[in-house]
Amino acid sequence: MNRAEHREITESFYKYQVRYFEILGLWQLRLDATKQQQMLHLLRYLLFLGIVSVMLLFFAIHVLANIDQLTVIMQVFFMFATEMSCMVKLLSIRLKRREHAQLLDEMHSSVYRPRTAEETLAFKAAAQMAFNMRNYYGAMSILAAALLLVMQWFVDSSALPLALLNFLRAQLVMLSMRLENLGAALTPLDDHRIAKELRECCVYYARIERLRDMVDGFIKIPCSVQLFCTILVLVSNFYEMSAHAGETAFIMKIVTYQFAMLLQIFIVCYAANEVTYQSSLLGHALYNSEWTTWNKDNRKMCLLMMLRFDDPLWVRTINHTQSFSLPTFSSIVNCSYSYFALLKRVNS
């Protein structure tokens, strides 16, 4: 893959999200931006931040004014939790806009460029997956926004974690292909070639770890807050559905919003789980190479790499003992229903 094609496909991972961020005034301006552009950029950010802040304030006042009426609190609490998640994302992206720009520059490094036709297909498939998942969630967000909340579409569907995690997964798939296709060592020249490629794979994996650390730093706080807010939203929605069991239109509205909230958490957990899963396959890919024909030094390097691959890459939450994964998603759903059952029992 040439440099121009690599740049074009890499941009497809994030270009629409970056445009959303620019509209919201969250993204870093170019160095040659005029003072007028800087002012308009800041005003857009303050406008959207002000809208979210006012909505948060209104919801908080409404909750505090009806603190002794659980039914009234549940009616607005899911919107309050959603807006709180939006606020954290707005602040997080704005405060780390320079680091985000540096991360995109890192993604365009030649280190992450596919080398073979097989790697190119895997890289393009990852970009297409990111595009399809983003569009699917965007459609669900529009449907939920039409029923409930416009800010849900503007903020949540434009977040970068999905694209970054898919890009990271694509790099692990490409590394797995390189390890599996190292080939046999039939001559001393083959051993020399394999030793060189093994060292290159070690450097490549170190760069992938560095990329994971950068991605982890960006999504850890906002997505962890989103997990917490999702639990609050699910509990309040479960309570609302139980309180209006006979109202079909109301139930359809809440179920649609409930599904959108679950989907945004599932997508992040699924993409992060795929990163962990693909990194766990690296040791198997290396073992499937024709390592039995290599010389002693290459087999030693192979063993060291397999020992390193035994510890897969995780995308951690604020709680370092827990990661974004499918088991985490399941625990969120179970925890939400448990809290709802407890709340229902206490209120009855």
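Bear in mind that the values in this text are calculations on the coordinates, not laboratory data. Bear in mind the structure is a predicted one, so any value in this text is a computation, not a measurement. Cβ sites come from the backbone with ideal geometry, for glycine too, and all protein chains shown count toward neighbours.
Got a sec? Which residues in the stretch 21-36 would a label at LEU47 touch, if it sits 7 Å along Cα→Cβ and we count backbone N under 12 Å? Residues 23-25 qualify, since their backbone N sits under 12 Å from the label point.
Counted residue by residue at 0.36 nm each, then reduced by the alpha carbon distance between them, the extension gain from LYS196 to VAL54 reaches 45.2 nm.
When you count the other C-beta atoms within 10 angstrom of each residue and take the mean per peptide, 197-205, 221-229 line up highest first as 221-229, 197-205. Placing a pseudo-label 7 Å from each Cα along the Cα-to-Cβ vector at GLU106 and THR34 gives an inter-label distance of 3.5 nm. Label-to-label distance for ARG299 and ASN132 is 4.3 nm, based on points extended 7 Å past Cα in the beta-carbon direction.
A cut-off of 5 Å between modelled amide H atoms, ignoring neighbours fewer than 5 places along the same chain, links LYS96 with no other residue.
Peptides 171-179, 16-24 ranked from most to least packed give 171-179, 16-24, packing being the mean of other C-beta atoms within 10 angstrom over each peptide's residues. For LEU95 and TYR277, the difference between the fully extended length at 0.36 nm per residue and the C-alpha to C-alpha distance is 62.4 nm.
Between ARG345 and ARG308, the simple label model (points 7 Å from Cα in the Cβ direction) yields a spacing of 5.1 nm. Taking amide H as placed 1.01 Å from N in the peptide plane, SER323 has its amide H under 5 Å from the amide H of THR317, each at least 5 places away in sequence or on another chain. The slack between VAL333 and THR256, meaning 0.36 nm per residue of separation minus the straight C-alpha distance, is 26.1 nm.
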